[in-house]
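*Asks:* Below you'll find the structure I mean.
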Amino acid sequence: MTDNSNTRVVVGMSGGVDSSVTALLMKEQGYDVVGIFMKNWDDTDENGVCTATEDYKDVAKVADQIGIPYYSVNFEKEYWDRVFEYFLAEYRAGRTPNPDVMCNKEIKFKAFLDYAMDLGADYVATGHYAQVEKDENGVVHMLRGADNNKDQTYFLSQLSQEQLAKVKFPLGNIEKSEVREIAENAGLATAKKKDSTGVCFIGERNFKQFLSNYLPAQKGDMMTLDGEIKGQHDGLMYYTIGQRQGLGIGGGGKSSAPWFVIGKDLSTNTLYVGQGFENPALYADRLDASEIHFTTEEVKPKKFRCTAKFRYRQKDTPVTVRLLENERAEVIFDEAVRAITPGQAVVFYDGDECLGGGLIDHAYKAAKTLQYV
């Protein structure tokens, strides 16, 4: 058996069950383990409870149970500068950002990784459901997590070779149910704690109210493609392509079918809506993406076939990718896809391997009735 006692692994511990079990598994494998809790947001939830304080208490309990040292580090400035400012800028531009992708790239695997290396770490470990494998040439490949429902490679698609070479994902080859079982068998304090949702590090809160604290909302018309005004929207930033809830429009129109957001026009502050889940205006057959990044440095052909995801947990879609200059790409779908959303990530796969991805700029519809912002 390999002696890992001289290999230091710094574990990012959030106070949740996944990172708790990650720390436990690293300890059981004989590594020199240190737990680090990242405080990235000055957060009090809507009930006045500082959730970071509660989470840190859970980290302390688990670290004491496992028998590892633990510390807290404050990355609030880095998070604000590198993630939250981007998040607000995207909403200002009428897009729907994915802060988790940027948070992994800039905080968990940059600010935290750098901090861990300063602590003498050989690796960092996190509770992500993904796998890394090194080939005979030393190239690190990122593969989907074994638990298909929890696979998080979509959120890790902007990681580089340098970052991937320094990470361990011990949960990558096990199911979520097994993680809970391991935690319960070990009597970990977080074994029954519910999973967190919401924006990366900001957590669960009334999102509309939260966003209005930072961006002034401007009401405008809610309109069909035929120019019929159906009501007023509260501000374009509050709506995303394909959204049904919160429009305040009943059936009516040509049918009793529900209404959905099908597009936005920033120049006129108009929210376009249409009836029916299968509304043709909700479907796109290609997209333009920017900030294209690949997880390996292997040279890609200018045009290649792969599968892609346009949102988390979506099934893969066969696509053709055409690489353009300045880290841009055109992605053409074999079949039209519903509710492609500018600001979200498009992520490429070759079988189980995550190749990388980019950010969706524009989606183009088969019916060509409307182009998203």
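*Asks:* Against the conditions (1) over 18 Å from the mean Cα position of the chain (by Cα); (2) closer than 20 Å to Ile36 by Cα; (3) part of a helix (DSSP H, G or I), where does Phe112 fall short? Just the number, please.
*Replies:* Result: Phe112 passes all but (1).
*Asks:* Within the range 147-160, can you find the residues that are surrounded by fewer than 18 Cβ atoms within 10 Å (Cβ to Cβ) and free of Cβ contacts under 8 Å to residues at least 40 places away in the same chain?
*Replies:* Asn148
*Asks:* Specify the residue that is surrounded by the most Cβ atoms within 10 Å (Cβ to Cβ); the eligible residues are those in the range 115-143 that are out of contact with any strand residue (DSSP E or B) (no Cβ under 7 Å at 6 or more places or on another chain) and assigned to a helix (DSSP H, G or I). Quick ask: steps written out before the conclusion?
*Replies:* So in the range 115-143, the residues out of contact with any strand residue (DSSP E or B) (no Cβ under 7 Å at 6 or more places or on another chain) come out as 117-118, 127-129, 136-139.
After this cut, where a residue has to be assigned to a helix (DSSP H, G or I) as well, the list is 117-118.
On the way: Met117: 15, Asp118: 9.
Out of the qualifying residues, it is Met117.
*Asks:* Tell me whether the range 260-267 contains one or more residues that are in contact with a strand residue (DSSP E or B) (Cβ under 9 Å, 6 or more places away or on another chain), among the hydrophobic types (A, V, I, L, M, F, W, C) and not assigned by TED's automatic domain parsing to the domain that holds Leu225.
*Replies:* Scanning the range 260-267 turns up no residue that is in contact with a strand residue (DSSP E or B) (Cβ under 9 Å, 6 or more places away or on another chain), among the hydrophobic types (A, V, I, L, M, F, W, C) and not assigned by TED's automatic domain parsing to the domain that holds Leu225.
*Asks:* Hey, another quick one. Would you say Thr296 is modelled with pLDDT of 95 or more, of a type in the set (S, T, N, Q) and assigned to a strand (DSSP E or B)? It would help to see each step written out before you state the result.
*Replies:* On the way: modelled with pLDDT of 95 or more: yes; of a type in the set (S, T, N, Q): yes; assigned to a strand (DSSP E or B): no.
No; evaluated as a whole, the condition is false for this residue.
*Asks:* Restricting attention to the range 148-169, report how many residues are under 24 Å from Met102 (Cβ atoms) and part of a loop (DSSP other than H, G, I, E, B). Spell out the reasoning first.
*Replies:* Filtering the range 148-169 for residues under 24 Å from Met102 (Cβ atoms) gives 149-169.
With part of a loop (DSSP other than H, G, I, E, B) added as a condition, the list becomes 149-152, 157-160, 165-166, 169.
Residues in the range 148-169 being under 24 Å from Met102 (Cβ atoms) and part of a loop (DSSP other than H, G, I, E, B): 11 in total.
*Asks:* Here is a follow-up. Out of the residues in the range 205-232 that are in contact (Cβ under 8 Å) with a residue 24 or more places away in the chain and assigned to a strand (DSSP E or B), which is surrounded by the fewest Cβ atoms within 10 Å (Cβ to Cβ)?
*Replies:* The selected residue is Asp221.
*Asks:* Here are some conditions: (1) within 17 Å of Leu355 (Cβ to Cβ); (2) in contact with a His (Cβ under 8 Å, 6 or more places away or on another chain). Leu171 meets all but one. Which one does it not meet?
*Replies:* All conditions are met except number (1).
The values are calculated or read from the model by the stated rules, or taken from the named source; none is laboratory data. All values derive from a computational prediction rather than experimental measurement. Note that each Cβ is placed from the backbone with ideal geometry, even for glycine, and that neighbours are counted across all protein chains shown.
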